[in-house]
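Have a look at the structure below before the remarks.
The values are calculated or read from the model by the stated rules, or taken from the named source; none is laboratory data. Values in this document were obtained by computation on a predicted structure and should not be read as measured data. For neighbour counting, all protein chains shown are included, and Cβ atoms are generated from backbone atoms with ideal geometry for every residue, glycine included. In case anyone asks, the SASA skips ligands and DNA or RNA and just uses the protein heavy atoms, side chains included. Shrake-Rupley method; radii C 1.70, N 1.55, O 1.52, S 1.80 Å.
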Amino acid sequence: MSTTEADIVELDRIAVQESLRVVASAGPADWDRDTPCAGWSLRRLVAHMTAQHHGFAAAARGAGQEAALWRESAAHPRDPARTYRAAVTTLLAAFAEPGVTEREFDLPELKGRFPGRIAVGFHFIDHVVHAWDVAASLGVGLELSGSVLEAASAVARRVPADPALRGPGFAFAPALEVPSGADPLVETLRLLGRDPDEWPSAR
């Protein structure tokens, strides 16, 4: 499945809004829950997602090379969902600017500069998966349309599967085998190292 530049911005917006919905469903007792991100509590995962939004927003505006803009806050916010909502607002405003996909994004975690269309695609697939991570942690279902999930699986198939680029310190765990006939969400998750069978309530 191919997407136009306008499509990838819209797909990203949908994924981010879904991540916001599931994060907003967390209650005060939920932040210490385990997540599919090994060793990360829900609080840590949402802090990471918050930092990524700020970093990508900065990159969209030409300031992505500033490593501090990508760092998670050392302080734990009293209301992680509210802090996350503010980061989503910042990110979506930056990605909605005219010509965003034609810009060059500095992405220090990937050690390079990337065309905006590619960079937004990175953000899209990351937040489809992280929206599922949050949903899995909370035991709720993910609400993304088939067309969004098909686009995500198409992007996931293009993510390098080289074991040297997977695992601790990298964005994704080693890829898992995809069963024949798997739906797009399962395909995406397994290609990116998540085993949805371990978190059945999020399917």
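Please enumerate the residues belonging to the stretch 111-125 that are open to solvent by 50 Å² or more (accessible area, probe 1.4 Å), without any contact (Cβ under 8 Å) to a residue 40 or more places away in the chain and farther than 20 Å from SER19 by Cβ. Within the stretch 111-125, LYS111, ARG113, PRO115, ILE118 meet the criteria. Screening THR101 on (1) farther than 21 Å from ALA29 by Cα; (2) free of Cβ contacts under 8 Å to residues at least 40 places away in the same chain shows it passes everything except condition (2). Among the residues of the stretch 115-138, some residue qualifies, meaning at least one is aromatic (Phe, Trp, Tyr), at pLDDT 95 or above and out of contact with any Pro (no Cβ under 8 Å at 6 or more places or on another chain).
Pairing residues of the stretch 57-86 that are closer than 26 Å to THR101 by Cβ and open to solvent by 50 Å² or more (accessible area, probe 1.4 Å) with residues that are among the small types (Gly, Ala, Ser) and not in a helix (DSSP H, G or I), at Cβ distances under 7 Å and at least 6 apart in sequence or on separate chains, gives LEU69/ALA63. Within the stretch 170-192, no residue that is free of Cβ contacts under 8 Å to residues at least 24 places away in the same chain and farther than 18 Å from ALA15 by Cβ sits with its Cβ atom under 7 Å from a residue that is of a type in the set (Val, Ile, Thr) and not in a loop (DSSP other than H, G, I, E, B) at 6+ positions apart or across chains. What number of residues within the stretch 180-195 satisfy the criterion of being within 17 Å of THR35 (Cβ to Cβ), assigned to a loop (DSSP other than H, G, I, E, B) and open to solvent by less than 40 Å² (accessible area, probe 1.4 Å)? Looking only at that region, the number is 3. Checking VAL140, VAL134 one by one, the residue that is closer than 30 Å to ASP32 by Cα and open to solvent by less than 10 Å² (accessible area, probe 1.4 Å) is VAL134 and no other.
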